[in-house]
1. For the chain, with all protein chains present and a 1.4 Å probe, just round the carbon and sulfur fraction of the accessible area to a whole percent.
2. Might you tell me the accessible area per residue for the chain, computed with a 1.4 Å probe and given in Å²?
3. Below 8 Å between Cα atoms, with a sequence gap of 6+, how large is the relative contact order for segment 47-121 in percent?
4. How are the Cα pair distances of the chain distributed, in percent, across 10 Å bins from 0?
5. Please label the shape of segment 30-135 as rounded, prolate or oblate, based on the square roots a ≥ b ≥ c of the eigenvalues of the alpha-carbon gyration tensor (a/c under 1.5 means rounded; beyond that, a/b larger than b/c means prolate, else oblate).
6. What is the ratio of the Cα radius of gyration of segment 96-202 to 2.2 N^0.38 Å, where N is its residue count, to two decimals?
7. As an exercise, use a Förster radius of 41 Å and the Cβ-Cβ distance of Glu149 and Leu34 to find the FRET efficiency, rounded to the nearest 0.05.
Amino acid sequence: MDHNAVMDAIYARGWAIVDDFLSPAEVAALRACLPAAWQPAGIGREGLHQGNADIRRDQIHWLDAELGAPVADYLARMESLRIAANRLLMLGLFDYEAHFARYRPGDFYATHRDAFAGRSNRRLTSVFYLNQDWQPADGGLLRVYDDGEQHLMDVSPMGGRLVLFLSEEFPHEVLPAREERYSIAGWFRVNGTGLGRVDPPR
Ligand code: OGA
Ligand code: MN
């Protein structure tokens, strides 16, 4: 993957999609690390995702390198992206947190933002998909809106695909899945909320 091209896209429009970020074999290796135990999503580490089955129905498991070498490798790749985002976009990202997410048939996540300016330290969202052979009939699209809440695009959760977007700028939702849908949702964070920060040029 070309870090420069990805950061250019984020600079120009705030988001990037990288198909085949990982190979099918690497996706399968990550799937083999899926945990046996899941927790209901909802109590976000920052209290932003006040959990409620009306808002989101997915289940999560926070990522940890001890889940296996493929997970450690994934986290190392995110670390490379973090360094590139800081070098090329001066985002000042300090760390990264991520969880596996499982949507069972019927599960969804209603429209939300991952961060609100001055109230969160999440700056850049990543979503990586672990689904092989996802079909249109399987639902579960990521529907993205622009900052003015106009429909921007629908993204199929195809295995190997990585989506990156600025956490504060794009409301989004997960439409109801009709098959089990697996992903890794993650956030690159700054120190503090960044109130008073100078925003990178857009
Ligand atoms: C999230 C989220 C999108 C997706 O976990 O905050 O919006 O496509 N996930 O799984
Ligand atoms: Mn989200």
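The values are calculated or read from the model by the stated rules, or taken from the named source; none is laboratory data. Keep in mind the model is a prediction, meaning the values are calculated, not measured. Virtual Cβ from ideal backbone geometry, glycine too; neighbours counted across all protein chains shown. Ligands, DNA and RNA are excluded from the accessible area calculation, which covers all protein heavy atoms including side chains. Shrake-Rupley method; radii C 1.70, N 1.55, O 1.52, S 1.80 Å.
1. Carbon-and-sulfur percentage of accessible area, whole number: 52.
2. Numbers: 9430 Å² over 202 residues.
In whole numbers, the chain has 47 Å² accessible per residue.
3. Working: 56 pairs, mean separation 35.4, N = 75.
Once divided by the residue count of segment 47-121, the mean separation gives 47 percent.
4. Percent of Cα pairs in each bin: 9, 37, 40, 13, 1.
5. Values: a/c = 1.83, a/b = 1.15, b/c = 1.60.
Oblate, since a/c reaches 1.5 and b/c is not below a/b.
6. Ratio of Rg to 2.2 N^0.38 Å for segment 96-202: 1.11.
7. Once the sixth-power term is evaluated, E becomes 0.75.
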